[in-house]
Amino acid sequence: MRRAGAAAAEILLEVGPHVVPGVTTDRLDEVVHQAAIDRGGYPSPLNYRGYPKSVCTSVNEVICHGIPDSRPLADGDIVNVDVTIFLDGVHGDSSVTLAVGEVSDADRRLVIETRLAMDEGIAAAGPGRPVHAIGRAIERHARKHGLGVVREFIGHGIGTEFHSGLQIPHYHDPRASTILVPGMTFTIEPMLTLGDPACGMWNDNWTAVTLDGRRTAQFEHTLLVTDEGIELLTVTADGTVPADVFALAPVSAL
Ligand code: MF3
Ligand code: CO
Ligand code: CO
């Protein structure tokens, strides 16, 4: 799981610099596909439940599961790149939201606070902690910043299967009463919105969008519960966190 997680982080670091105005998300798909193969892995999304590409690229009002296509990214877009690699029998799953060129202050705030919301969720997790503490921390952070939390898509157990076992809501759900124990591996991947978090679906049956058309951001790590706390698995072998490398400069009035 450490090796698969590190590979996912390396692929994010490799694809990130390609995210510039004018690049198509199809090109990002090619880069991620090749990067997974180069590492001796397989891009988990490809043919997963019929998904047609090797990465998810979710632009602006797309909440998640955006399918790469021929539309060039434009200056001012935000795009989440969600990489999952299957390596040596297990999956590593991680995503970052990147700015394309110069983005508005409102979008920078959305992206920065979504990343911080994920971090709050991670900080609330650990051995002996209930799963619902994670969503409670994320929802509290979102509310403090006037952002919505998507409810339709949640974090998940991960290992030999892409999605299995634990379910990790990103809002407070007291029914998520499972107690975390060492050895569990799962993702935290909150999707926050500038407006209403209500969700619609394109007729491709993958692309999830905000119904109000306002923008949304997401970050994701794969995590391991240890005896001491939580270990980030989707970091490189030297501990580099892709979300740090691509972090946006804060807006002064944050
Ligand atoms: N990587 C996504 C997640 O975080 C799942 C994508 S499923 C796909 O769970 F089929 F769209 F790739
Ligand atoms: Co995931
Ligand atoms: Co993912």
Sort out which residues of the stretch 33-61 are more than 9 Å from ligand 1 (Cβ to nearest atom), open to solvent by 10 Å² or more (accessible area, probe 1.4 Å) and within 17 Å of the chain's Cα centre (by Cα), and write them in order of number.
-> Val59, Asn60, Glu61
Within the bounds of the stretch 19-35, is there any residue that is in a helix (DSSP H, G or I) and among the hydroxyl-bearing types (Ser, Thr, Tyr)?
-> yes
If we scan the stretch 234-249, do we find a residue that is farther than 25 Å from Gly50 by Cβ and at pLDDT below 95?
-> yes
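What is the residue count in the stretch 191-238 for residues that are aromatic (Phe, Trp, Tyr) and crowded, with 20+ Cβ neighbours inside 10 Å?
Result for the stretch 191-238: 1.
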Go through the stretch 82-113 and give me each residue that's in contact with a helix residue (DSSP H, G or I) (Cβ under 8 Å, 6 or more places away or on another chain) and away from ligand 2 (no atom under 15 Å from the Cβ).
-> Leu87, Asp88, Leu98, Ala99, Val103, Glu113
Contact list, first residue from the stretch 43-59 and charged (D, E, K, R), second anywhere and in a helix (DSSP H, G or I), beta-carbon distance below 9 Å, six or more apart or interchain, is Lys53/Thr25; Lys53/Asp26; Lys53/Asp29; Lys53/Val32; Lys53/His33
Which of the residues belonging to the stretch 58-79 are touching a Phe, Trp or Tyr at 6+ places or on another chain (Cβ under 8 Å) and part of a strand (DSSP E or B)?
-> Ile63, Cys64
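The values are calculated or read from the model by the stated rules, or taken from the named source; none is laboratory data. All values derive from a computational prediction rather than experimental measurement. Heads up, the Cβs are rebuilt from the backbone with ideal geometry, glycines too, and the neighbour counts pull from every protein chain shown. Accessible surface is based on the protein model in full, side chains and every heavy atom, while ligands, DNA and RNA are left aside. Shrake-Rupley method; radii C 1.70, N 1.55, O 1.52, S 1.80 Å.
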